[in-house]
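Participant: What follows is a single structure, and I will ask about it in a moment.
Bear in mind that the values in this text are calculations on the coordinates, not laboratory data. It should be emphasised that the depicted structure is a prediction, and the values quoted were computed from it without experimental measurement. Counting neighbours? That spans all protein chains shown, and the Cβs are built from the backbone with ideal geometry, glycine included.
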Amino acid sequence: MGRTMTTRFGVAEHLRTPEEMAAYLEACFEEAQGDATFIAKALGDIAKAKGMAQVARDAGLSRESLYKALSGDRSPGFDTILKVVGALGLTLHAQVPQKHGSRRSVARPRARVSKRRAA
């Protein structure tokens, strides 16, 4: 029998459109269960797909700072998250949670693509 080779899955290679990036981030919000480092890592995946150097420039951060903030090793500040989300061409929205039976569900952030005008 032949040897089977596996390779590490790189989600960034599969995030090609802004809509796919927003859908990925939204799915990560649903899975994160309040884990900010999980969201930071997801933003890092999207930033890699767009190009870290460009995202860092657009966010007003150094590449090194961006890599550290989105490594998933720590929770970046909310100001950093907002800068990165904006640089990715995404926006965050709040919504009222839907009731499930007698229990209230937790509000989940939503990611959407924003149409930004060229400067």
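Participant: To make sure I understand the rule: partners must be aspartates and glutamates, Cα under 16 Å from the Cα of Lys83, and not fewer than 8 residues away in the same chain. Which ones qualify?
Facilitator: Correct list for Lys83: Asp45, Asp58, Glu64.
Participant: Per residue of region 24-37, in order, report the coupling 6.51 cos²θ - 1.76 cosθ + 1.60 (Karplus, θ = phi - 60°) as ³J(HN,Hα) in whole Hz, putting x for Gly and Pro.
Facilitator: 4, 5, 4, 4, 5, 4, 5, 7, 5, 6, x, 7, 5, 5
Participant: So how do Met5, Met52, Met21 line up by other beta-carbon neighbours within 10 Å, fewest first?
Facilitator: Least to most surrounded, the residues fall as Met5, Met52, Met21.
Participant: Counting only other residues whose beta carbon sits under 9 Å from that of Ala49, what net charge do I get with K and R as +1, D and E as -1?
Facilitator: 0
Participant: Within 12 Å, Cβ to Cβ, of Lys83, how many net charges do the neighbouring residues add up to if Lys/Arg are +1 and Asp/Glu are -1?
Facilitator: Result for the neighbourhood of Lys83: -1.
Participant: A further question on this structure: Using Cβ contacts closer than 10 Å as the measure, can you line up Ile39, Ile81, Ile46 from fewest to most?
Facilitator: Lowest count first: Ile81, Ile39, Ile46.
Participant: Another question about this same structure. What is the fewest-to-most order of Lys99, Lys50 by other Cβ atoms lying within 10 Å of their Cβ?
Facilitator: So the residues, fewest neighbours to most, are Lys99, Lys50.
Participant: Okay, next question. Please give, to one decimal in nm, the separation of the simple spin-label points placed at Thr7 and Ser62, each 7 Å out from Cα toward the Cβ.
Facilitator: Going from the Thr7 label point to the Ser62 one covers 3.3 nm.
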